[in-house]
Amino acid sequence: MQSNEQSSKRPRIILGITGSIAAVKGPRLALLLSQNLKSHVKVILTRTVEQAFWKEGGVTQRYDEDAWKEFWDVVGSCKDILMDRDDEDDWRLTDGCMSVHYANEEWNNYESLSSPVLHIQLRAWADLLLIAPLSAHTLAKIANGLCDDLLSCIVRAWDFGQRECSNGKPVVLCPAMNTAMWDHVLTKRQLDIVKDFGKIATSTDRVDDSVVTVVEPMVKKLACGDVGAGALAELNDILQCVKNSQSLNGNLRKTSSHSTSTPNTQQQTLVQRKSAMKKAFLQYSRERFSAMQATHQQSQNQQMSLAAPISPTPNDAITLFLPHLNLGYDSLLVDLGCGDGRWLVTASKLTKCKCLGIDVDKQRIRLATQSIEKEELADQIQVRYQDLFEFLERDSLHFPIMDVLIIYLFRDAMKRIVPLLKLRANEMKSGMKILCVGFGLPDWKTIHMEKVNGIALYLYEHA
C-alpha cells in the first residue's frame, strides 16, 4: 500500500496529442508517463486525432495493439476506482491515474453560467504540459493565440510565469512533421514565439530562460518516404526531458500556488531551474552519444568522450554560408559529424565539389547514403564510419588536401580539437577554411561570424 505522502508527490501531466502521424505513439507514451514516472496523466486529443488516428479500429490501434488495449484498460480501471471516491491519489492505483478528454468536451458539458470551465480546471490541476506530437497546425494555432478546442484553450490559459508570485509551469513541446514543414521559415518563427510566452523579462532578454522546452525531431526516413528531420523524438528522450523537469522543479503544485518570494527571487529561481534542466538533458545526450561511440570498433583501447549534437545544421545556415567557402569542382569539403549529409549533398549539388563525411552514428550514415543515392551524387561524396578525433589525428590522405572543414561539436570537443589542429597546422593547405557551427575555436581569429536561427557560425581561414 502506498502512503498518502508518497502518492501526493506524483506529478500531474497533461499530454496533448495533435494531428501528426506520430499520434500513433500516444498510447505508449501515456503508459510510460504513468508507469515509469508514476505520473497522473490526462490525455487531450485534438479533433484530427479523435476522428482519424484514434478512432476504434484505426491506424493507432493497428500500429501498437498491445499499447492500445493496455491504455484503455488503465483508463477504465482508473474510472472504476474513482467513481466512489474523487481522489486520484488512491493507493489502489499502482501507477498514476489516467483519463482522456476530447476537443469539444468542455462546451458539450457546459450547461449554465455556474458550470465549471474545464480548461481552467485542467490548467490549475497540472504540473507540466507535454504536447507530443506537436503538429505544424497546432503550433501555428498556439503561436497565433487561437483557442478553438480544449488543448489550445489550456495553452492560452497556461501559467507561463506571467502572474506575480508565480514561477511558471514547464511546457515540453515535441514537434513532428514533414521535413519540408519543419524546415519552413514559419516553423522557426512560431517556435520562437511560443518560447517567448515563458521568457523572463530580464535585462538580457534571453529566450533560454523560458519555461518552454522544445525536444527537436529526429532525422530519419519519414512515413511519407522523405528523408530528413521531422520525426518525433525517441519516447525515451521525451521521457527523460519530462523527468528532468520534474526532478528539478520539485513539487510544482506547492511552488506555484504558495510562493511568496519577490519577483527578482522568482526570476533567479527560474533561471537557475532552466539552466539546471538544460545541463541535465545535455548530460543525458552526452551519455547516450558516448554509449554509441563505445560500439565503434577502433575505440576499444582509448577513452572516448562526447562529440557532436544529434541535431542537423539549419538549412538556412548552409545556404547563407556556402558562398563564403569558395568551393569549386576541384575542391574537397570534409564534414566532421556529417549526420544526414545535408552539408555534403547541398555543397556537391551547387558547387560540384568532392565531399567526405565522417560520423559514428550508423543510422545517420544510412540516411546520408540514402540522400546521396537519391541525388545521384555517389561519385562525388563519400561517407565513412569513423571517430572524428581519429580522423584528425591520423588521416594522411584527405587532411592535407581538404579545402573546407565543417565542425559541429559540443564545446568540450572543440577544446580538444584545437591542439590537434595546431599539431597538424603545417600539413594544412594555405587558405583552407574551417566553419564551426554552434561553438568557435578558442584562440583562433574569426574572419566571419553570423547567427542563423539562433545558432552562431564562425568562419576561419588558415594562413
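What follows is calculated from the coordinates using simple rules that are stated; it is not laboratory data. All figures in this text were calculated on a predicted structure; none of them were measured in a lab. Methodologically, a virtual Cβ is constructed for each residue, glycine included, from the backbone with ideal geometry; neighbour enumeration extends over all protein chains shown.
Charges only on Cβ, +1 for Lys and Arg, -1 for Asp and Glu: so what's the dipole of the stretch 315-461 about the Cα centre, in debye to the nearest 20?
Roughly 220 debye, rounded to the nearest 20.
Go through K221/K349; K188/K445; K38/K220; K188/K374 and tell me which ones have a Cα-Cα distance over 24 Å in this structure.
Distance filter (> 24 Å) returns K188/K445; K38/K220; K188/K374.
How many angstrom lie between the Cα centre of the stretch 5-71 and the Cα centre of the stretch 388-463?
If we compute the Cα centre of each part, the gap is 45 Å.
When the chain is fully extended, how far beyond the present Cα-Cα distance does Q51 get from N326, taking 0.36 nm per residue of separation?
93.8 nm
Give, in nm to one decimal, the length gained when the segment between Q35 and S430 is fully stretched (0.36 nm per residue of separation minus the Cα-Cα distance). Display every interim value, and only then the final one.
Values: separation 395, 0.36 × 395 = 142.20 nm, distance 5.87 nm.
Gain on stretching Q35 to S430: 136.3 nm.
Simple spin-label model, 7 Å along Cα-to-Cβ: H398 to E234 in nm?
2.5 nm
So who's got an amide H within less than 5 Å of the one on L134, skipping anything under 5 residues away but keeping other chains? H placed 1.01 Å off N, in plane.
Those qualifying (amide H under 5 Å, at least 5 residues apart or on another chain) are C174, A176.
Once the stretch 315-461 is represented by equal point scatterers at the alpha-carbon sites, with solvent omitted, what log10 I(q)/I(0) does the Debye formula produce at q = 0.11 Å⁻¹?
Here the Debye-derived log intensity ratios amount to -0.37.
For R163 and R366, compute 0.36 nm times the residue count separating them, minus their Cα-Cα distance, and round to one decimal in nm. Working shown, then result.
On the way: separation 203, 0.36 × 203 = 73.08 nm, distance 4.86 nm.
So the chain would gain 68.2 nm between R163 and R366.
Taking neighbour counts of Cβ atoms within 10 Å as a proxy for exposure, in what order, fewest first, do R366, R394 appear?
Neighbour counts put them in this order, fewest first: R394, R366.
I want to check the label-to-label distance for R384 and I120. Put each point 7 Å from Cα in the C-beta direction and report it in nm to one decimal.
With each label placed 7 Å out from Cα toward Cβ, I get 6.5 nm.
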